[in-house]
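Scroll down for the structure; my scribbles are underneath it.
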Amino acid sequence: MNAALGTVIAVLLSLVSAAGYALAAVAQSRLAAASPVQGGPGALRSLLTHGPWWSAVGLNAAGALAHVAALHYGPLTLVQPLGALTLVAALPLGAYHARRRVTRTEWRGALWTLAGLVGLVAMTGPAAPGEALSLRESLVVAGATMALIAALASSRSHGREGRAGARGRNGLGHATASGIASGVASALTQTLTAAFARDLPGGAPAWWQTALLALLISGFASGGLLLSQAAYRGGLAAPLAVVNLSNPAAAAVIGVALLGETFRAGAWGWLVAAAASLVAARGVVLLTKDGSGGGQMAGPEDGPSAEPAPAPGPGPTRAREGRRTRTVPPRAIVGSDAEAAVVVTPAHPARAPGLAPAEPSPRPAPPKTEPLPATVGG
C-alpha cells in the first residue's frame with residue numbers, strides 16, 4: 001500500500017472515530033438530562049439496566065477501534081488532531097436533538113478549543129518512540145491518579161450562581177477526571193503491550209503482574225466513561241472540550257515526567273504548547289458561559305414546568321347530617337338562604353323503610369316526600 005492511500009484511509013477512519021465519539025457524547029448527555037437519579041449507586045444501577053446507555057458504550061468502543069485502526073495507517077501527528085473534530089461534530093448533533101440552533105458563542109468556543117487542542121497535540125507528541133512504564137512506575141501513576149480523580153470527583157461548587165451553575169462547575173471537574181483517567185489508561189495500555197511482548201523495563205513480569213495491569217486499565221477506562229456520564233449533567237460542549245483536553249495533557253505529563261519525552265522544537269515547543277493551552281482554555285470559558293449548555297435538554301432536576309394552574313371553579317356545598325356529610329352541587333342551591341342548600345337524607349337511602357332507591361338523574365331533583373297515613377278519629 002502506498003503512502004497516499006494509507007493517508008486517505010487514516011483520514012477516513014479518523015473521521016469515523018470522531019463521529020462515533022460525538023454520537024456517544026450526545027447520547028450520554030441526553031441520558032444524563034433524562035435520568036431521574038443523579039447520583040449514588042441508584043444512578044449506576046439505572047445506567048446498567050438502560051438500553052441506550054449500552055448503545056453509548058458501543059459507540060465509544062467503535063470510536064476507539066476506529067482510532068486505533070487509523071493509527072495503523074497514518075502517523076500520530078495526523079490522527080490525533082483529527083480526533084479533535086469530535087467537539088465540532090457533537091455541537092450540531094446535540095443542537096439537532098434539542099431542536100435548536102448552535103449559537104454563535106458555541107461556535108466561537110468550539111473553534112478556540114479546537115485550535116488550542118490541535119496545537120497542544122502537535123507539540124506534545126514524542127519526537128521518538130518512548131519507553132514503556134515499568135511495573136513500579138505504573139503502580140505509582142495509578143495511585144496518584146486515583147487520589148487526583150477522587151479529589152476532582154468529590155469537589156462541590158459553593159456560591160450564589162444557583163443550582164445550574166454549581167452543576168456546570170461540578171461537570172467540568174468530572175470531565176477533567178474523566179480525561180485524566182482515559183489518558184492514564186492509554187499509558188498503562190502501552191505498558192501492558194510491552195509486557196505481552198516481553199519488552200517491559202525490569203524484565204518479563206509474572207502472570208499476576210500482567211493481570212494487575214489489565215485490571216487497572218479496565219478500572220480506569222470504565223471510570224473515565226462513568227465520569228464523563230456524570231460530567232454531562234452540566235451540559236455537553238464544555239465538558240466534552242475539557243475531556244478532549246485533559247486526555248492528551250495527562251498522557252503528555254506521564255511521557256515528559258517518566259518516559260524521557262519532550263516537546264517538539266525544544267524550548268519553542270514549550271512556548272507553543274503553553275500558548276495552545278491558553279487558547280483552548282479561552283474556548284472552554286466561552287462554552288461554559290453559553291447558557292444553552294451545549295445541547296443539553298432540560299431534565300427532571302431542572303424544576304417543575306411553569307404551566308399556569310387552572311382557575312378554581314365554584315366549590316360544592318357540603319351539607320351535614322349528624323355525623324355524615326354529602327356534597328350538594330351548586331345548582332341545587334335555590335334562594336339566598338344558605339339553609340336552603342341543606343337536604344336531609346337518611347344515612348343509607350337504599351335501606352330506609354318505605355323509600356325506594358334513588359334513581360340517578362343528570363340534574364338533581366328536589367327531595368321527595370311521601371304523604372302521611374290517614375288517622376282515625378280526631
Just to check I understand the Karplus step: with θ = phi - 60° and J = 6.51 cos²θ - 1.76 cosθ + 1.60, what whole-Hz values come out for segment 204-214, glycine and proline as x? 5, x, 6, 5, 6, 5, 5, 5, 5, 4, 4
Output ordering of 174-182, 241-249, 90-98, 47-55 (per-residue mean of other Cβ within 10 Å, highest first) is 174-182, 241-249, 90-98, 47-55
Mean separation of Cα contacts under 8 Å (at least 6 apart) over the residue count of segment 178-246, i.e. the relative contact order in percent, is 51
From the backbone phi of segment 216-226, what are the Karplus-calculated ³J(HN,Hα) couplings (6.51 cos²θ - 1.76 cosθ + 1.60, θ = phi - 60°) in whole Hz, Gly and Pro given as x? 5, 4, 4, x, 5, 5, 5, x, x, 5, 5
Rounded to the nearest Å, the spacing of the alpha-carbon centers of segment 225-271 and segment 65-118 is 15
Contour minus Cα-Cα distance for residue 222 and residue 99 (0.36 nm per residue): 41.2 nm
Residue separation times 0.36 nm, minus the C-alpha to C-alpha distance between residue 46 and residue 268: what's the value? 75.0 nm
What distance in nm separates the two pseudo spin-label positions at residue 4 and residue 111, each 7 Å out from Cα along the beta-carbon direction? 3.2
I'd like the Kirkwood hydrodynamic radius of segment 227-289, using the inverse of the mean 1/r over distinct C-alpha pairs, in Å. 13.1
Taking θ = phi - 60°, what integer Hz values does the Karplus form 6.51 cos²θ - 1.76 cosθ + 1.60 yield along segment 174-183, in sequence order, with x for Gly and Pro? 5, 5, 4, 4, 5, x, 5, 4, 5, x
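Readers should treat all values here as calculations from the given coordinates under stated rules, not as data from a laboratory. All figures in this text were calculated on a predicted structure; none of them were measured in a lab. Positions of Cβ are generated from backbone atoms using ideal geometry, with glycine treated the same way; all protein chains shown enter the neighbour counts.
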